[in-house]
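Down below is the structure, laid out as structure tokens.
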Amino acid sequence: MRKGRDFIARHGETVFNAARRLQGTAPHTPLTRAGFAQADEIGRALRTLLGERPPLTLWASSTGRALQTLAVIAEHLGLDWHGAHADDRLVEIGMGSWGGRYYAEVIAEAGPVIDPATGLLKPAPDGETYPQIAARVADWLAATDDDPGDRLVIMHGISSCVLRGVMTGMAPVPGFGAPAARGLPQGSVVMIERGVEQVVHLGTGRAPA
């Protein structure tokens with residue numbers, strides 16, 4: 001286990017979220033005004049908890065929505081966004097041929113896409129599986145285990161659930177083949193310290209996906 005604390009946040013609402021479209025690994029789906037407000041809320045919550053210019057290592061998914069969210073938070077904390085690390089291993093679940101389509105279209109064609117028992121997004125037939133997500137986030141964890149002290153990680157609804165599940169040692173979710181914590185709304189942030197998770201701020205966006 002890492003010695004520092006990990007603050008893991010879900011990016012703010014985007015134009016795709018507002019339109020109820022499946023984003024997946026879309027590289028840039030801009031934040032809405034609600035999304036920027038949610039990023040502000042995260043920034044204020046972390047500023048209250050950590051103070052000005054806390055010694056955080058900054059990480060984000062390489063997508064524009066994660067980097068936009070991080071830019072707002074970094075401003076609240078007085079940290080340099082240009083010093084952040086962007087990593088493809090932190091991106092959202094790959095949705096294959098469902099990516100970019102409206103939820104309603106996919107549901108009409110393939111049935112429910114949200115599992116009612118877990119709230120998790122069902123993988124597309126040609127999309128990324130949960131074990132594949134777990135493998136890439138575990139690879140990121142192993143590669144960054146020597147990060148000094150605390151860090152802030154901005155990512156996505158489903159991939160953050162899997163990362164949090166891996167970090168807290170959860171058992172695989174039946175039917176999904178990988179650990180996954182419960183979904184949190186957009187604009188939420190949790191703290192994980194030595195395998196134990198605590199919600200720092202509950203966002204006002206949609207949950208879980």
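The values are calculated or read from the model by the stated rules, or taken from the named source; none is laboratory data. Predicted model, so just to flag it, every value in this text is computed and none were measured. A quick note on method: Cβ atoms are made from the backbone with ideal geometry, for glycine too, and the neighbour counts reach across all protein chains shown. SASA here: full protein model, heavy atoms, side chains in, ligands and nucleic acids out. Shrake-Rupley method; radii C 1.70, N 1.55, O 1.52, S 1.80 Å.
Looking only at the range 186-199, how many residues end up being surrounded by fewer than 20 Cβ atoms within 10 Å (Cβ to Cβ), touching a Lys or Arg at 6+ places or on another chain (Cβ under 6 Å) and assigned to a loop (DSSP other than H, G, I, E, B)?
Selection size over the range 186-199: 0.
Does Gly119 fit the bill of being out of contact with any helix residue (DSSP H, G or I) (no Cβ under 6 Å at 6 or more places or on another chain), at positive phi, in contact (Cβ under 8 Å) with a residue 24 or more places away in the chain and open to solvent by less than 40 Å² (accessible area, probe 1.4 Å)?
Details: out of contact with any helix residue (DSSP H, G or I) (no Cβ under 6 Å at 6 or more places or on another chain): yes; at positive phi: yes; in contact (Cβ under 8 Å) with a residue 24 or more places away in the chain: yes; open to solvent by less than 40 Å² (accessible area, probe 1.4 Å): yes.
In short, yes.
If you check Arg164 against the conditions, is it touching a residue at least 12 places away in the same chain (Cβ under 8 Å), surrounded by 15 or more Cβ atoms within 10 Å (Cβ to Cβ) and charged (D, E, K, R)? Please lay out each step first, then the result.
Values: touching a residue at least 12 places away in the same chain (Cβ under 8 Å): yes; surrounded by 15 or more Cβ atoms within 10 Å (Cβ to Cβ): yes; charged (D, E, K, R): yes.
Against the criterion (touching a residue at least 12 places away in the same chain (Cβ under 8 Å), surrounded by 15 or more Cβ atoms within 10 Å (Cβ to Cβ) and charged (D, E, K, R)), Arg164 qualifies.
Has the range 94-111 got any residue that is assigned to a helix (DSSP H, G or I), open to solvent by 60 Å² or more (accessible area, probe 1.4 Å) and touching a residue at least 24 places away in the same chain (Cβ under 8 Å)?
The answer is yes, given that some residue of the range 94-111 is assigned to a helix (DSSP H, G or I), open to solvent by 60 Å² or more (accessible area, probe 1.4 Å) and touching a residue at least 24 places away in the same chain (Cβ under 8 Å).
If you check Pro172, Pro179, Pro148, Pro208, which single one turns out to be more than 14 Å from the chain's Cα centre (by Cα) and at pLDDT below 95?
Values: Pro172 fails: at pLDDT below 95; Pro179 fails: at pLDDT below 95; Pro208 fails: more than 14 Å from the chain's Cα centre (by Cα).
Only one candidate qualifies: Pro148.
Being more than 11 Å from the chain's Cα centre (by Cα) and of a type in the set (Gly, Ala, Ser) is the filter here, so list the residues in the range 55-74 that pass it.
Ser62, Gly64, Ala71, Ala74
Just give me the residues in the range 15-36 being on the phi < 0 side of the Ramachandran plot and within 13 Å of the chain's Cα centre (by Cα), in sequence order.
Here is the first cut: in the range 15-36, the residues on the phi < 0 side of the Ramachandran plot are 15-19, 21-23, 25-36.
Answer for the range 15-36, where residues must be on the phi < 0 side of the Ramachandran plot and within 13 Å of the chain's Cα centre (by Cα): Gln23, Thr25.
Only one residue in Thr129, Thr144 is in contact (Cβ under 8 Å) with a residue 40 or more places away in the chain and open to solvent by less than 20 Å² (accessible area, probe 1.4 Å), so which one is that? Outline the logic, then answer.
Values: Thr129 fails: open to solvent by less than 20 Å² (accessible area, probe 1.4 Å).
Going through Thr129, Thr144 in turn, the sole match is Thr144.
Residues of the range 147-161 being in contact (Cβ under 8 Å) with a residue 60 or more places away in the chain and crowded, with 21+ Cβ neighbours inside 10 Å, which ones? Full working, then the answer.
Of the residues in the range 147-161, the ones in contact (Cβ under 8 Å) with a residue 60 or more places away in the chain are 147-160.
The answer is Leu152, Val153, Ile154, Met155, His156, Gly157, Ile158, Ser159, Ser160.
Just the residues that are charged (D, E, K, R) and in contact with a helix residue (DSSP H, G or I) (Cβ under 8 Å, 6 or more places away or on another chain), please, taken from the range 162-209. Steps first, please.
We begin by selecting, within the range 162-209, every residue charged (D, E, K, R); these are 164, 182, 193-194, 197, 206.
Scanning the range 162-209 gives Arg182, Glu197, Arg206.
Of the residues Glu105, Glu92, Glu52, which is closer than 30 Å to Gly127 by Cα, over 19 Å from the mean Cα position of the chain (by Cα) and modelled with pLDDT of 95 or more? Quick ask: steps written out before the conclusion?
Working: Glu92 fails: over 19 Å from the mean Cα position of the chain (by Cα); Glu52 fails: closer than 30 Å to Gly127 by Cα.
That would be Glu105, the only listed residue that is closer than 30 Å to Gly127 by Cα, over 19 Å from the mean Cα position of the chain (by Cα) and modelled with pLDDT of 95 or more.
Mind checking whether some residue in the range 127-143 is in contact with a helix residue (DSSP H, G or I) (Cβ under 7 Å, 6 or more places away or on another chain) and outside any helix (DSSP H, G or I)?
Yes, the range 127-143 contains a residue that is in contact with a helix residue (DSSP H, G or I) (Cβ under 7 Å, 6 or more places away or on another chain) and outside any helix (DSSP H, G or I).
Considering Asp88, Asp80, Asp139, which residue is among the acidic types (Asp, Glu) and within 21 Å of Lys3 (Cα to Cα)?
Details: Asp88 fails: within 21 Å of Lys3 (Cα to Cα); Asp80 fails: within 21 Å of Lys3 (Cα to Cα).
Going through Asp88, Asp80, Asp139 in turn, just one is among the acidic types (Asp, Glu) and within 21 Å of Lys3 (Cα to Cα): Asp139.
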